[in-house]
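Enquirer: Here it is: the structure, laid out below.
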Amino acid sequence: MINDAHLEICGLTREQAMQRGIFVAITHPEDRVRQAALNADLLAGRTNSLTIEKRYVRPDGRTVWVSFATQRRVYADGSEEFLSTVLDITGLKQAGEELVRREAELRFILNALPIGVAWTKSGTDTVYQLNDGFYRISGLARGAAGSAEDFKAISYPEDYEIQTKHYATLTSGAADRFDMVKRYLRPDGRLVWVILTVQVYRAADGSILQEVGTTVDITAQKRQADELRAAKEAAEAANIAKSQFLAMMSHEIRTPMNGIIGMTSLLLDTPLTGDQREYAETVRFSGDALLTIINDILDFSKIEAGKFDLEHTPFGVRECVQAVLDLLAGKAAEKHLDLLYEIADGVPGEVVGDVTRLRQILVNLLGNALKFTAAGEVVLSVGAQVRDGRTELAFAITDTGIGIPKDGLDRLFQSFSQVDASTTRKFGGTGLGLAISKRLAELMGGTMSVESETGRGSTFRFSILVDAVASKPRPYQAAGRPQLAGRTLLIVDDNATNRRILTTQARSWGMAARAAESGAEALGWVRSGEKFDAGILDMHMPEMDGVMLARELRALRDERQLPLLLLSSLGQRDPGAEDRLFARCLIKPAKPEQIFAALAGLFNGEGKAEASAQPFVVAPAPTVDFQMNERVLLAEDNAVNQRVALHMLRTLGYRADVAGDGREAVAAVERQPYDIVLMDVQMPEMDGLAATRAILALH
């Protein structure tokens with residue numbers, strides 16, 4: 001007898017199931033032998049039951065797993081009965097196979113990981129299962145039990161002690177994870193640095209269900225970190241040595257150069273023949289040129305070494321610009337170039353920054369502009385804007401020089417590089433000036449760039465970041481000054497930029513300004529009856545210069561009707577002998593405060609022109625604010641520089657005591673008071689800085 005459920009599992013009809021041997025036929029061939037042996041035991045009475053898992057291959061081709069069980073019952077009359085039950089376990093078998101497959105995949109993944117993994121076996125918290133990665137890292141024999149004692153045996157004692165404290169936080173429930181760096185001493189004697197991470201998973205009652213630890217080998221990173229630290233320390237030591245070398249070289253080079261230039265200056269102050277003066281001036285010029293090159297190389301080396309410190313002191317932007325232009329005015333006058341500047345209204349009067357380095361950049365860029373410009377002008381423009389709470393000063397130096405070819409722009413700011421590096425080049429130089437200037441601008445938080453066209457000049461732009469300081473406006477910056485308000489001003493200059501600058505300045509003072517580009521144009525206005533309260537004439541103009549124009553104007557207006565100011569470059573002829581044509585002569589580039597003072601001085605309280613008793617006013621040279629009985633101490637270890645300084649002081653009328661090093665200087669000040677100490681910095685025994693601190697401590 002067979003029930004319907006059995007037929008459904010086997011996929012047989014009842015008629016098929018009644019055929020002899022049908023169940024043997026549908027049993028999978030691999031399972032037949034095993035079941036046949038069990039059936040033999042059952043039939044022979046050696047057992048009364050059998051149980052087997054086997055497969056049926058149904059007529060429709062589908063394979064099913066079944067749990068097959070048979071019970072044998074023997075009756076009193078000797079007859080036997082067999083009761084078999086069949087349970088379809090295909091789903092369970094598939095789930096089990098999938099579980100085995102997943103477990104194999106998981107173990108494959110765990111063993112393929114480059115990190116070590118250890119996890120507690122079910123039902124124990126002292127024995128761990130380990131992946132291949134842990135065996136590779138720890139050096140333990142594969143298949144080791146993985147007990148806590150195994151881990152302790154390869155751990156550094158101090159590391160294991162720390163690890164035990166971390167474990168206590170897990171077992172107490174205070175934490176579910178900890179991380180630490182520790183060392184394993186492998187059985188083969190190799191030291192391994194690892195990052196150990198332990199994570200626990202808890203039941204609802206807080207007890208630990210599973211513990212998983214991961215181990216990451218960081219030996220290579222640790223070695224690299226040690227090598228980097230050693231390299232960093234070596235680099236720092238090299239930088240210190242380089243800085244010390246630079247300081248020493250700076251001192252050793254500049255000290256004799258100071259002697260050469262100083263002695264040459266003293267020599268030029270003595271009676272010399274023409275040839276002797278020419279030779280001495282050549283030595284002085286060559287010494288200055290060599291010192292410039294040395295300074296460039298030393299500055300560049302300091303920047304490269306990262307030992308270039310910037311100052312942060314208050315300074316006036318306009319004063320800095322004017323000082324630079326005063327320095328270069330002679331060079332501009334020699335080449336008959338207009339050297340002009342324009343400072344926008346928004347530029348703060350005083351800022352905090354490094355005025356020395358700003359001056360260095362300006363001298364370099366303006367000097368280059370003058371060097372590469374044969375005719376025309378060099379104009380410096382200064383603007384400002386607020387950026388992130390700080391003030392950005394923007395500078396532009398524009399010239400009408402030879403320009404720079406496009407293929408030379410990319411190497412313009414490179415070290416030791418020049419646009420023309422040929423042996424036949426016309427212009428000399430080290431090729432460091434622009435590279436240093438660009439690096440200085442960047443160190444001060446700015447940038448530097450250039451725009452140029454061959455034959456049409458160049459514009460160099462750079463910016464720096466500074467902090468604005470509250471300062472009082474200068475008198476000439478206040479609009480509508482009563483001395484000048486309502487006055488009419490005649491401006492005559494062939495340079496359009498200078499006409500624009502002068503016109504803007506005059507109008508800011510409340511004046512009505514009219515600018516002519518030539519003497520003929522200005523004469524035409526005056527001859528037609530136009531009235532002017534004052535005039536500003538440029539000296540160097542084509543066809544009709546400032547003196548020639550003044551003579552023509554004097555034929556039409558006397559000095560009371562039309563007082564005149566002359567703008568003259570350094571080195572040009574003195575117009576003072578020209579019959580008092582001008583009330584004042586201003587040296588170009590004229591400062592706004594000078595122009596303002598000169599114009600204001602032309603008018604009295606009644607608003608009429610005032611005749612100048614002294615047509616040409618020369619500003620007095622700055623005087624030394626010392627009395628001749630001032631006590632001076634010179635601290636200098638170099639004998640040549642001692643002689644230079646003593647001669648210069650003697651020329652000024654002073655006598656000085658000499659100290660050969662810092663200790664002598666301190667001892668001299670202890671013996672008697674001095675009004676001023678001229679202190680060298682680098683000296684043997686005690687340098688100038690240490691000596692200065694010691695002297696200040698005495699007071």
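The values are calculated or read from the model by the stated rules, or taken from the named source; none is laboratory data. Note that the structure is predicted; figures quoted are calculated from it, not measured. As a convention, Cβ positions derive from the backbone with ideal geometry for all residues, glycine included, and neighbour counts pool all protein chains shown. Side chains included, ligands, DNA and RNA excluded: accessible areas come from the protein's heavy atoms. Shrake-Rupley method; radii C 1.70, N 1.55, O 1.52, S 1.80 Å.
Enquirer: At 7 Å along the Cα-to-beta-carbon direction for both ASP188 and GLU236, put a label point, then send me their distance in nm to one decimal.
Expert: 3.6 nm
Enquirer: A further question on this structure: Taking R0 as 60 Å, what's the FRET efficiency between VAL640 and ALA485 from their Cβ-Cβ distance, rounded to 0.05?
Expert: About 0.55, to the nearest 0.05.
Enquirer: On to the next question. Output the peptides 399-406, 289-296 sorted from most to least packed, where packing is the average of other Cβ atoms within 10 Å over each peptide's residues.
Expert: The densest-packed peptide leads the list: 399-406, 289-296.
Enquirer: How big is the dipole moment of the range 68-205 about its Cα centre under a simple scheme where the beta carbon of each Lys and Arg is +1, that of each Asp and Glu is -1, and everything else is neutral? Debye, nearest 20, please.
Expert: Details: 17 positive and 19 negative charges, 111 e Å.
Charge dipole of the range 68-205: 540 debye, to the nearest 20.
Enquirer: Hey, another quick one. Using the Kirkwood radius over C-alpha pairs as Rh, can you work out the diffusion coefficient of the range 299-349 via Stokes-Einstein at 20 °C, viscosity 1.002 mPa s, in µm² per second?
Expert: My calculation gives 154 µm²/s for D.
Enquirer: Sticking with this one: Note down the nm distance, to one decimal, between modelled labels 7 Å out along Cα→Cβ at GLU252 and at ASP77.
Expert: The answer from the label model is 13.1 nm.
Enquirer: So for each of 167-174, 215-222 I average, over its residues, the number of other beta carbons within 10 Å; can you give me the resulting order with the highest mean first? Please report the intermediate quantities before stating the final value.
Expert: On the way: 167-174: 12.4, 215-222: 15.9.
Highest mean packing first, the order is 215-222, 167-174.
Enquirer: Taking the square root of 5 times each eigenvalue of the Cα gyration tensor, what semi-axes in Å does the equivalent ellipsoid of the range 89-233 have, largest first?
Expert: Rounded to whole Å, the semi-axes are 31, 20, 14.
Enquirer: What number do you get for the range 292-380 when its Cα radius of gyration is normalised by 2.2 N^0.38 Å, N = residues? If you can, show how the numbers build up before the last one.
Expert: Values: Rg = 14.9 Å, N = 89, 2.2 N^0.38 = 12.1 Å.
Cα Rg divided by the expected 2.2 N^0.38 Å: 1.23.
Enquirer: Which whole-Hz couplings ³J(HN,Hα) result when phi for each residue of the range 355-361 is put into the Karplus expression 6.51 cos²θ - 1.76 cosθ + 1.60, θ = phi - 60°, listed in order with x for Gly and Pro?
Expert: Per-residue couplings from phi come out as 5, 5, 6, 5, 4, 4, 5 Hz.
Enquirer: To continue, here is another question. Using a Förster radius of 30 Å, what is the FRET efficiency between SER528 and ALA344 based on their Cβ-Cβ separation? Nearest 0.05, please. Present the calculation step by step, with values, prior to reporting the outcome.
Expert: On the way: r = 35 Å, r/R0 = 1.18.
With a Förster radius of 30 Å, E is 0.25.
Enquirer: Right, here's the next one. If I take every Cα pair under 8 Å that is 6 or more residues apart in the range 492-565, average their sequence separation and divide by the length, what percent do I get for the relative contact order? Please list the in-between numbers first.
Expert: Details: 74 pairs, mean separation 24.5, N = 74.
Computed value for the range 492-565: 33 percent relative contact order.
Enquirer: Any idea what angle helix 433-443 forms with the longest principal axis of the chain, computed on alpha-carbon atoms, 0 to 90 degrees, nearest 10?
Expert: Approximately 60 degrees, to the nearest ten.
Enquirer: Taking the Cα centre as origin and putting +1 on Lys and Arg beta-carbons and -1 on Asp and Glu beta-carbons, what dipole magnitude results for the range 291-392, to the nearest 20 debye?
Expert: Taking the Cα centre of the range 291-392 as origin, the dipole is about 220 debye.
Enquirer: Okay, moving on. Going by average Cβ density within 10 Å per residue, which order do the peptides 386-393, 678-685 take, highest to lowest?
Expert: Averaged packing, sorted descending, gives the order 678-685, 386-393.
Enquirer: For LEU92, LEU502, LEU698, write out the residues from largest to smallest accessible area, computed with a 1.4 angstrom probe and no ligands counted.
Expert: LEU92, LEU698, LEU502
Enquirer: What is the dipole size for the chain, taken about its Cα centre, with +1 at each Lys and Arg Cβ and -1 at each Asp and Glu Cβ, in debye to the nearest 20?
Expert: 940 debye
Enquirer: Grab the alpha carbons of the range 166-238, take their convex hull, and tell me the volume per residue in Å³.
Expert: Taking only Cα atoms, the range 166-238 has a hull volume of 120 Å³ per residue.
Enquirer: Percent relative contact order of the chain, based on C-alpha pairs within less than 8 angstrom and at least six residues apart?
Expert: Working: 1062 pairs, mean separation 43.5, N = 699.
6 percent.
Enquirer: If you don't mind, there's one more thing I want to ask. What residues from the range 181-208 fall in the zone where the backbone N is under 20 Å from a label point 7 Å along the Cα-to-C-beta line of GLU227?
Expert: Residues 190-195 qualify, since their backbone N sits under 20 Å from the label point.
Enquirer: If you look at just the Cα atoms of the range 230-361, how large are its Rg and its Dmax in Å?
Expert: When restricted to the Cα atoms of the range 230-361, Rg and Dmax are 20.0, 64 Å.
Enquirer: Using the beta-carbon distance between SER67 and GLU105 and R0 = 41 Å, what value does 1/(1 + (r/R0)^6) give for FRET efficiency, to the nearest 0.05?
Expert: 0.90
Enquirer: List the aspartates and glutamates whose Cα sits under 12 Å from the Cα of LYS331, skipping any in the same chain fewer than 8 residues away.
Expert: Counting by Cα, and skipping residues close in sequence, LYS331 has no aspartates and glutamates nearby.
Enquirer: On to the next question. Could you sort LEU272, LEU185 by their accessible area in this structure, using a 1.4 Å probe and putting the largest first? Mind dumping the intermediate values first?
Expert: Numbers: LEU272 45, LEU185 80 Å².
The residues order as LEU185, LEU272, largest area first.
Enquirer: Right, something else. Tilt of helix 29-43 relative to the longest C-alpha principal axis of the chain, in degrees (0 to 90, nearest 10)?
Expert: Compared with the principal axis, the helix lies near 40 degrees.
Enquirer: Stick to the Cα atoms of the chain, pair each with every other, and give me the Kirkwood hydrodynamic radius in Å at one decimal.
Expert: 36.5 Å
Enquirer: Report the extension gain between LYS152 and ALA37 in nm, rounded to one decimal, defined as 0.36 nm multiplied by the number of residues separating them, less their alpha carbon distance.
Expert: Full-extension gain reported as 36.1 nm.
Enquirer: Past 24 Å, Cα to Cα, is the threshold; run LYS531/LYS591; LYS438/LYS591; LYS406/LYS438; LYS371/LYS438; LYS232/LYS302; LYS335/LYS591 against it and keep the listed order.
Expert: In this structure, LYS531/LYS591; LYS438/LYS591 exceed 24 Å between Cα atoms.
Enquirer: Using Cα-Cα distances under 8 Å and only pairs 6 or more residues apart, what relative contact order does the range 148-219 have, in percent?
Expert: 24 percent
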